[in-house]
Amino acid sequence: MLTRYGSLLFATGFAFLLFSLFIALPMGEPPTLAGQAILNEAANSVGAANIVTSVVLAYRGIDTLGELSILFAAATAVGLVLGGQARAPRPSKEDGAGGFILQTGVDLLFPLLLVVGFYIILHGHLTPGGGFQGGVVLAAALVLPVLARPEESPSPAALAWVEGLAGAAFIATGLAALAYDHAFLTPLLGAGQLGDLFSAGTLPLLYLAVGLKVGAELAKLLLRLAEEGPAA
Amino acid sequence: MTALDLVILALVALLITGALAAMLLRNLLGAAVATALVSLGVSVFFVILRAPDVALTEAAVGAGLSGLLLALAARRLGLWRIEVQQSEEERQC
C-alpha cells in the first residue's frame, strides 16, 4: 500500500516538475550562449566535422571519462549481484544450440555487425555516432554466438583484458596531453584537414578506446547474464 | 496536414500502443519486445528532430541491447525458458 502512495507522490511531483519547466522555459531560446559559440568555433579549433563529437571528447572529455566510470561501476555491480566466478562449465554443443536458420543468420550477421560497429566508431568524428553507439553494436555482434552456438561464445577473460586495456588507453591518451603542457585530455596531433578520416587529432583514438571498452564491457555483462539458466 | 504530421501521428499511436503493451502483456518476453518497439519509435522521433547522434544511441541501446537485457534477466529469474530443448524432444518422439 505504501509503495502505491509513494509512486503516486512521485508521479505528482514529476508532473509538477515538468509543468513548471514548461511554464518557465522560453521555448526555442537557448538559455546559455555556449552553444552558439561552440557551433562557431568547434570545426576550426578541434577539426571534427561532427560537432557532437568535438563536444563529447574535446570540450567535455572528463565528462566522457565519468560516463565510462559509471558504466564500469554498473557492470561491476551486475557482476557482484550475479555472484562469483563463472562456475558453470562451458555449455556443450547440445546445450541450447540454435536451429539451422538461427545459425546461418548469425553467420551472415556477425561480420556485418563487426564492420558496422567499427565503421561507426572510426567515423565518430565525421558522421553521427561514435564510441558508445559503435561499442553497443560490437557488443551485439559478440553476443550473437551465444544465441546460435553457445560453445563458440567469446571468453570472458579475453573480454576483460580488452576492456581494461581500452580503458587504460583512454586515460593514457589524456595523460599524454599533460606531458606536452596541456590540460588533461586536450586533443593532440593538430586538427588536420576537416572531414578527413585522419583528422581531429587524438579524437578518433579516444573514440576507438571508448568503443572497445563499451563493447567488451556490455558483451561481458550479457554473457554473464546468459551463462546460466534459471537457478531452479 | 503534411506528410510529416501523418508520420508523427502514426509514430505517437505506435508509441502509446507499445507502452500499453509493455505494461499489460502477461508474456514477459512480449513485454520486453514492446519496450524495444517504443525505443525504436523514439529513435525515429530523434531523427525527425535532427539529432542523429541521439537517435543512433537510442536505436542501439534502447531498441537493441536493453530489450535483450530484459529478456535475459527474465530468463535468469526463471520467468521464461528457451524452448529449443523441448521441441527437439518432441521431434524425437
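The values are calculated or read from the model by the stated rules, or taken from the named source; none is laboratory data. Values in this document were obtained by computation on a predicted structure and should not be read as measured data. Glycine also receives a Cβ, built like all others from the backbone with ideal geometry; neighbour counts cover every protein chain displayed.
A few comments on the model shown:
- Residues within region A:97-137 that are under 16 Å from the mean Cα position of the chain (by Cα) and either surrounded by fewer than 24 Cβ atoms within 10 Å (Cβ to Cβ) or within 23 Å of A:Ala43 (Cα to Cα) (or both), tallied: 18
- Selection status of A:Gly131, within 22 Å of B:Ala59 (Cα to Cα), at pLDDT below 85 and among the small types (Gly, Ala, Ser): yes
Results for (1) farther than 30 Å from A:Glu227 by Cα; (2) buried (at least 20 other Cβ atoms within 10 Å of the Cβ); (3) touching a helix residue (DSSP H, G or I) at 6+ places or on another chain (Cβ under 8 Å), shown as yes or no for each residue.
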| residue | (1), (2), (3) |
| --- | --- |
| B:Pro52 | yes, no, yes |
| B:Glu58 | no, yes, yes |
| B:Leu69 | no, no, yes |
| B:Ala74 | no, no, yes |
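- Only listed residue being in contact with a Lys or Arg (Cβ under 8 Å, 6 or more places away or on another chain) and either part of a helix (DSSP H, G or I) or modelled with pLDDT of 80 or more (or both), chosen from A:Gln103, A:Gln36: A:Gln103
- Filtered residue count, region B:47-80, keeping only those that are more than 7 Å from every other protein chain (Cβ to nearest Cβ), farther than 19 Å from B:Ala22 by Cα and either modelled with pLDDT under 85 or part of a helix (DSSP H, G or I) (or both): 4
- Verdict on A:Pro145 being at pLDDT below 90, in contact with a helix residue (DSSP H, G or I) (Cβ under 6 Å, 6 or more places away or on another chain), within 9 Å of chain B (Cβ to nearest Cβ) and surrounded by fewer than 20 Cβ atoms within 10 Å (Cβ to Cβ): no
- Cross-chain or 6+ apart pairs with Cβ under 8 Å, region A:18-38 first and surrounded by 10 or more Cβ atoms within 10 Å (Cβ to Cβ), then at pLDDT below 75: A:Leu25/A:Pro31; A:Gln36/A:Pro30
- Region A:43-68, subset of a type outside the set (Val, Ile, Thr), under 26 Å from A:Asp196 (Cα atoms) and within 14 Å of another protein chain (Cβ to nearest Cβ), residue nearest to the chain's Cα centre (by Cα): A:Leu57
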